[in-house]
Structure formats: C-alpha cells, structure tokens
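The values are calculated or read from the model by the stated rules, or taken from the named source; none is laboratory data. Since the structure is predicted, the reported quantities are computational estimates derived from the model, not experimental observations. Don't worry about glycine lacking a Cβ; one is built from the backbone with ideal geometry, like all the others, and counts go over all protein chains shown.
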Amino acid sequence: MSNQSNRVSEFFNGESETSNLLWQYVKSLSPETVTQLSKPTSSEVFQVMERNIIGLLGNLPSEHFNVTVTTSRESLGQLLASAMISGYFLRNAEQRMNFEKVLQGTENNSELD
C-alpha cells in the first residue's frame with residue numbers, strides 16, 4: 001500500500017488524534033445541522049459543485065449510456081475529500097461575496113448621508 005493510501009486509511013479509520021476529534025464533532029451534530037451544512041445556499045454553488053463532480057467522474061449522459069463507476073475505498077475517500085474541500089472553498093467564496101455586497105451597500109449608504 002502506498003504512503004498516500006496509508007494516510008487516507010488512517011483518516012477514515014480514525015487512527016490519528018485529529019481525525020478522531022473531527023469524527024467526534026461530526027457525530028455530535030444534530031441531523032438538522034448536518035442537513036443545513038450539506039446544502040448550498042445558492043443555486044450557483046450547487047451548479048459549480050455539480051459540474052466539478054461530473055468533471056471528476058465523466059460526463060456521459062445517462063439516458064444514452066449505462067454508466068457504472070467502480071473504484072476502491074481509498075479512491076472513493078479521495079474523491080469525497082476533494083468534493084468536501086471544493087465545497088468548503090465555494091462556501092467561503094460565497095460568504096465573502098455576500099459580505100462584500102453588504103459592505104458596498106453600507107459604503108454607498110454612508111456616502112449618501
């Protein structure tokens with residue numbers, strides 16, 4: 001098994017202290033909180049995530065092809081980690097954009113006064 005595979009297995013098996021703390025935290029969240037955190041707040045973020053995952057898996061239309069994806073546990077873990085990191089990045093970018101819009105509105109209002 002490669003060094004990278006060992007790190008992925010370590011993460012999912014909870015052998016490291018950091019991942020164990022993260023797993024405990026995730027388990028402590030209510031189902032409502034997990035649902036809220038899992039859904040993008042805007043359709044733009046959802047579309048970008050969808051395009052990202054389609055790009056990773058391939059873009060064959062299911063109505064014309066019988067597509068089956070086979071992978072290992074380690075590769076699936078890497079795909080999940082990639083999707084989570086992308087989602088986290090997009091969520092932060094979305095929040096920053098909203099903060100900038102609010103700040104611009106505040107600046108415009110203060111200039112009018």
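General observations
- Every residue from the stretch 85-113 that is among the aliphatic types (A, V, I, L, M) and at pLDDT below 80: Leu112
- Residue list for the stretch 22-66, restricted to those being surrounded by 11 or more Cβ atoms within 10 Å (Cβ to Cβ) and acidic (Asp, Glu): Glu44, Glu50
- Helices (runs of 4 or more DSSP H) wholly inside the stretch 25-113 that include at least 1 residues being in contact (Cβ under 8 Å) with a residue 60 or more places away in the chain and either touching an Asp or Glu at 6+ places or on another chain (Cβ under 7 Å) or among the acidic types (Asp, Glu) (or both): 73-112
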